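These notes concern the structure reproduced below.
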Amino acid sequence: MPEGHSIHRVARVHRRWLVGRRFTADSPQGRFADGARVLSGRTLVDVEAHGKHLFHTFEGGVRLHIHLGLFGLIRHFRGGAPRPSEACRLRLASPHATLHLAGPFACELLKPDEEAALRARLGEDPLREDAVPERALALLRKGRCPLAHALLDQGR
């Protein structure tokens with residue numbers, strides 16, 4: 001499972017390669033066909049990481065949430081991309097870059113209130129500019145579990 005620093009790197013790559021591009025989207029596997037139809041033809045305007053979660057914002061305020069979980073894999077291609085695997089849940093394609101997402105724990109479109117509820121459950125992400133270290137420290141001090149467990153608990 002990729003850790004937070006890896007997800008932040010993926011977000012940086014997506015901002016550099018994908019933001020500002022209009023994509024066609026499909027779900028070769030078929031499990032995200034409805035969501036892919038909503039994304040198809042839209043321009044990606046922002047990408048954010050929060051812990052192990054990726055949030056892609058498309059024009060019109062459409063929000064894609066991705067969590068790779070244990071088995072998820074994102075492959076990036078510049079220019080032409082190979083045929084997607086049978087496990088490819090989401091393919092975003094443009095003439096300049098293509099993304100294949102396979103096996104994620106979560107691949108979903110979120111409404112603003114759903115995204116807010118999800119983010120409220122997430123703990124402080126020290127890699128984000130808006131992190132509040134004092135809040136994380138206060139939670140650690142209140143806890144009664146060993147420090148290593150507390151640090152790995154993503155609900156804190």
Q. Does E108 satisfy the condition of being assigned by the TED database to the domain that holds P28, open to solvent by 60 Å² or more (accessible area, probe 1.4 Å) and over 12 Å from the mean Cα position of the chain (by Cα)?
A. no
Q: State all residues of the stretch 111-155 that are open to solvent by less than 80 Å² (accessible area, probe 1.4 Å) and either of a type in the set (D, E, K, R) or modelled with pLDDT of 95 or more (or both); if no residue qualifies, say none.
A: E115, R119, E124, D125, R128, D153
Q) Somewhere in the stretch 22-30, is a residue free of Cβ contacts under 8 Å to residues at least 60 places away in the same chain, in the same structural domain as A102 (by the TED database) and not acidic (D, E)? A) yes
(Q) Here is a check on your reading of the model: is L118 in a helix (DSSP H, G or I), in the same structural domain as S40 (by the TED database), of a type outside the set (K, R) and touching a Leu at 6+ places or on another chain (Cβ under 9 Å)? (A) yes
Q: Select from the stretch 74-98 the residues that are more than 18 Å from F32 (Cα to Cα) and touching a helix residue (DSSP H, G or I) at 6+ places or on another chain (Cβ under 9 Å) and write down the one among them that is surrounded by the fewest Cβ atoms within 10 Å (Cβ to Cβ).
A: R78
Q) Of everything in the stretch 116-135 that's under 24 Å from R12 (Cβ atoms) and among the acidic types (D, E), which residue is nearest to the chain's Cα centre (by Cα)? A) D125
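Yes/no per residue for (1) β-branched (V, I, T); (2) under 13 Å from the mean Cα position of the chain (by Cα):
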residue: E3; (1), (2): no, yes
residue: H14; (1), (2): no, yes
residue: W17; (1), (2): no, no
residue: R21; (1), (2): no, no
residue: T24; (1), (2): yes, no
residue: G35; (1), (2): no, no
residue: V38; (1), (2): yes, no
residue: V47; (1), (2): yes, yes
residue: H53; (1), (2): no, yes
Q: Filter the stretch 54-85 for residues that are within 15 Å of K111 (Cβ to Cβ) and polar (S, T, N, Q) and give the result.
A: T57
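The values are calculated or read from the model by the stated rules, or taken from the named source; none is laboratory data. Because the structure is predicted, anything quoted here is derived from the model rather than measured. Cβ atoms come from the backbone with ideal geometry, glycine included; neighbour counts cover every protein chain shown. Keep in mind that these areas ignore ligands, DNA and RNA; they rest on the heavy atoms of the full protein, side chains included. Shrake-Rupley method; radii C 1.70, N 1.55, O 1.52, S 1.80 Å.
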